[in-house]
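The values are calculated or read from the model by the stated rules, or taken from the named source; none is laboratory data. Bear in mind the structure is a predicted one, so any value in this text is a computation, not a measurement. We place every Cβ from the backbone using ideal geometry, glycine too, and count neighbours over all the protein chains shown. Side chains are part of the model used for accessible areas, which takes the heavy atoms of the whole protein and leaves out ligands, DNA and RNA. Shrake-Rupley method; radii C 1.70, N 1.55, O 1.52, S 1.80 Å.
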Amino acid sequence: MSNSLILSTSMAGFYTCGPNEALIVSGCCHAKPKMVVGGRLLVFPCVQKIGRLPLNVITTKIKTNQVFTQLGVPINVTGTAQIKIHSKEKKSLMAAAELFMNRNTDQIKKICGETLEGHQRAIMGTMTVEDIYKNRAAFSEQVLQVASTDLMSMGIRVISYTINEVTDDEGYLKALGKPRTAEVKRDADIGNAEAKRDAGIEEAAANERAMKAVYENKITTAIAQRDYLLKKASYDQETFTKKAQSDLAYELQSAKTQQRIKEETMEIKVIERKKQIAIQEQEIVRKQRELDAQVIKPAEAEKYKIEMLAKAEQNKRVIEAEAKAEAIRLKAEAEAFAIEAKAKAEAEQMAKKADAWNEYKDAAMVDMILQQLPKIAAEVAAPLQNVNKVTLVSGPNGEVGAAKLTGEVLEIVRKLPKVIEEITGVDMSKAMKI
């Protein structure tokens with residue numbers, strides 16, 4: 001017996017572990033396993049057994065795919081849990097030693113991960129998608145509470161549990177976010193529109209102030225310009241009157257000159273057209289003679305002659321018609337230009353006369369009537385120009401012959417002042433005496 005004791009003592013030794021590890025010794029001399037964390041133990045391998053437990057924090061991913069929620073919508077949830085063997089209580093450490101002694105961290109992570117996944121799946125079945133997605137903290141808290149009870153009985157403490165991702169394969173979550181997205185976009189659009197509106201109001205107010213200053217400046221400038229123009233107009237009135245009279249005389253003479261130029265141009269073109277017609281006629285005659293001299297067969301020559309004559313006659317008529325049309329057009333243009341210039345000159349002259357009449361009144365009226373008397377006398381005597389024979393009948397004391405005819409014309413002219421007085425109210429006899 002002493003020999004065996006010596007042998008056992010010679011094989012005994014100390015075993016150590018770090019602060020992240022626990023040593024468990026069972027066997028001889030220990031009614032219950034002896035455990036130490038971060039220390040040493042004397043072990044007799046022949047009569048005792050030693051084991052180790054890792055006390056490191058273990059991170060595990062918990063994935064549950066296609067789990068039906070309370071309303072039957074399948075979703076996928078991925079969570080992360082931080083776990084470790086609870087070494088603060090001997091009871092928990094003993095339970096962990098019974099289950100996980102001499103197991104590595106991967107084995108422990110797999111066992112705990114399956115437990116957590118089961119609890120996560122169960123909690124997902126009691127909640128709706130909206131509750132899980134919108135209130136992740138409540139979901140994590142429920143999973144943590146339920147899982148902690150089971151894992152604590154295994155000597156494992158759940159340090160933390162969080163949801164990393166919630167997805168689905170049917171687009172349900174995306175559809176849930178659309179109303180909120182639309183609401184946020186709407187609010188952003190409203191805010192942008194309000195900001196633009198405020199900016200537009202400020203810009204409009206600034207533009208209004210700027211335009212007001214511009215208009216006030218323009219009004220001041222316009223008043224100064226008006227005063228200048230009024231004074232200048234009063235100074236230049238007499239000069240402009242003389243210049244207008246001079247310009248009127250110049251325009252009348254220019255209109256007459258332009259009319260003569262148009263008429264002479266028209267005559268030149270008419271003469272050119274006549275010369276072209278004469279050349280065409282000479283060409284026709286030459287071709288006729290050439291036809292008579294060179295064509296052998298009389299019948300063919302006669303036929304050719306008739307055709308050429310018809311064609312020449314047609315060309316002649318076309319040229320004559322074109323010449324007449326051109327002459328008429330040129331004459332019409334000249335007459336229109338002359339009438340326009342004459343009308344313009346007469347209009348300006350009448351405007352000046354109207355100003356003079358307003359100033360001189362009856363005297364101006366008399367002057368106009370005196371200027372028109374020769375024309376009136378000419379119009380009275382005009383019908384006599386178309387008379388081939390005149391038979392005069394006179395009384396015993398009356399004049400005969402041309403004197404009689406002339407006297408009647410003069411008698412009509414002498415009665416004109418009375419007629420004019422009845423029409424215009426102007427007594428020419430008094431006006432002329434004045």
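If a residue has to be open to solvent by less than 50 Å² (accessible area, probe 1.4 Å), within 26 Å of L99 (Cβ to Cβ) and touching a residue at least 12 places away in the same chain (Cβ under 8 Å) to count, how many in region 139-176 make the cut? Summing the residues that are open to solvent by less than 50 Å² (accessible area, probe 1.4 Å), within 26 Å of L99 (Cβ to Cβ) and touching a residue at least 12 places away in the same chain (Cβ under 8 Å) in region 139-176 gives 11. Reported count of residues in region 50-74, each being under 60 Å from the mean Cα position of the chain (by Cα), open to solvent by 70 Å² or more (accessible area, probe 1.4 Å) and over 18 Å from I163 (Cα atoms), is 2. In this entry, I111 is excluded by the filter for residues that are part of a helix (DSSP H, G or I), under 60 Å from the mean Cα position of the chain (by Cα) and not basic (K, R). Within region 7-17, being surrounded by 10 or more Cβ atoms within 10 Å (Cβ to Cβ) and either modelled with pLDDT of 80 or more or of a type outside the set (S, T, N, Q) (or both) holds for L7, M11, A12, G13, Y15, T16, C17.
Scanning region 75-90 for residues that are touching a residue at least 24 places away in the same chain (Cβ under 8 Å), farther than 30 Å from E170 by Cβ and either surrounded by fewer than 18 Cβ atoms within 10 Å (Cβ to Cβ) or out of contact with any strand residue (DSSP E or B) (no Cβ under 9 Å at 6 or more places or on another chain) (or both) yields a count of 2. Would you check if E238 is modelled with pLDDT of 80 or more, in a helix (DSSP H, G or I) and open to solvent by 80 Å² or more (accessible area, probe 1.4 Å)? When the stated conditions are applied, E238 does not pass them.
Taking E194 as the residue in question, decide whether it is part of a helix (DSSP H, G or I), modelled with pLDDT under 80 and open to solvent by 80 Å² or more (accessible area, probe 1.4 Å).
So E194 fits the description; yes.
State yes or no: is E263 modelled with pLDDT under 80, within 28 Å of K331 (Cβ to Cβ) and not aliphatic (A, V, I, L, M)? It is false that E263 is modelled with pLDDT under 80, within 28 Å of K331 (Cβ to Cβ) and not aliphatic (A, V, I, L, M). Does T105 count as touching a Pro at 6+ places or on another chain (Cβ under 6 Å) and of a type in the set (V, I, T)? Here the answer is yes, as T105 does meet what is asked. Looking across region 88-108, the residues that are within 18 Å of K34 (Cβ to Cβ) and part of a loop (DSSP other than H, G, I, E, B) come down to K88, E89, M101, N102.
The single residue among E281, E251, E272 that is under 60 Å from the mean Cα position of the chain (by Cα) and either at pLDDT 80 or above or surrounded by 11 or more Cβ atoms within 10 Å (Cβ to Cβ) (or both) turns out to be E251.
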